[in-house]
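Below is one structure, written out as structure tokens, with a few remarks after it.
The values are calculated or read from the model by the stated rules, or taken from the named source; none is laboratory data. Computed from a predicted structure; not experimentally measured. When we count neighbours, we look across all protein chains shown, and the Cβ atoms used for this are built from the backbone with ideal geometry, even at glycine. Remember, those area values only see protein heavy atoms, side chains included, never the ligands or the DNA or RNA. Shrake-Rupley method; radii C 1.70, N 1.55, O 1.52, S 1.80 Å.
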Amino acid sequence: MLIITIKQGKEKSLLVRQPWIYASAIERVDGKPGENMQFGATALVHSSSGKFLARAAHSPKSEIRARVWTFDQNEAVDHAFMKRRIKAAVAARSLAGSGKNSAVTDVVRLVLAEKDGLPGLLVDWYGGRKGYLICEFQSAGVEAWKVPIVKALMAETDCPNVYERSDELIRKGEGLLNVSGVLAGEEPPDETQFTENGVRFAIDIKTGKKSKYR
């Protein structure tokens, strides 16, 4: 297990539950990450006096050196953790779109990174159960947990098609390769029509570029 020790006086942001830990705030990193978990290894975050502050994903190449998973000392970061966070995110978006005055839409921003306790993960859902989940893994932590995250997304949405879209600059800053492609099911077509907030449009969901309005 890695242990990240925060410089004295730099723990204030963590005490108010800000999830980013910059390299400049770190006094030292002790221990070695497990094999194949160099990027995104879960670390204990301690104050300079040794007090527990958080569990975070270590990103040794990024200026944001760690991103907090949880501030609860008793909460393990494991497969069950990822399932809970995905389930909560899907439930939150479902409730948000269930109001009587909600505009017609078949596009949902399903996972909102830090807002859903999954730092660096963005997921858009196009077209419901027979549509596509478009994922961006923008941090080392969610990259390390990619397979469990994808499985949880499919289980919670019943959507069989998952595609990874990459932001090259962001992933480069994390020390991650620029990759994109099918993670499960079928590849999205080059152009698909969807309704968002009552407006019909066409988009290449593999790139996120809207081509024209209908």
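Here are some notes:
- Calculated mean residue ellipticity at 222 nm for the chain: -6000 deg cm²/dmol, from DSSP H runs with n ≥ 4 weighted as -39500 (n - 2.57), summed, divided by the residue count and rounded to 500.
- Structure-derived Rg/Rh (Cα atoms, Kirkwood Rh) - corresponding label in [x] 0.94; [y] 0.98; [z] 1.02: [z]
- The label point for residue 16 and the one for residue 146, both projected 7 Å from the Cα toward the Cβ, are 3.6 nm apart.
- Computed extension gain for residue 209 through residue 114, at 0.36 nm per residue and net of the alpha carbon distance, reaches 31.8 nm.
- Judged by the ratio a/c of the largest to the smallest principal axis of the C-alpha gyration tensor, segment 145-214 counts as oblate, that ratio being 1.5 or greater while a/b is no larger than b/c.
- A 1.4 Å probe run over the chain, with the rest of the protein chains in place, finds 53 Å² accessible per residue.
- Legend: calculated FRET efficiency, residue 74 to residue 27, from the Cβ-Cβ distance at R0 = 35 Å, rounded to 0.05, equals 0.90.
- Protein heavy-atom surface of the chain, 1.4 angstrom probe: 50% of the accessible area is carbon and sulfur, with nucleic acids and ligands not counted.
- Angle between the chain longest axis and helix 79-96 axis [Cα atoms, degrees, rounded to 10]: 50
- Given R0 = 41 Å, the distance between the Cβ atoms of residue 200 and residue 170 translates into a calculated FRET efficiency of 0.85.
- The GluC sites (Glu not before Pro) of segment 12-74 that meet both conditions, a loop assignment by DSSP and at most 12 other Cβ atoms within 10 Å of the site Cβ, are 35, 63.
- Helix 146-157 and the longest principal axis of the C-alpha atoms of the chain enclose an angle of approximately 40°.
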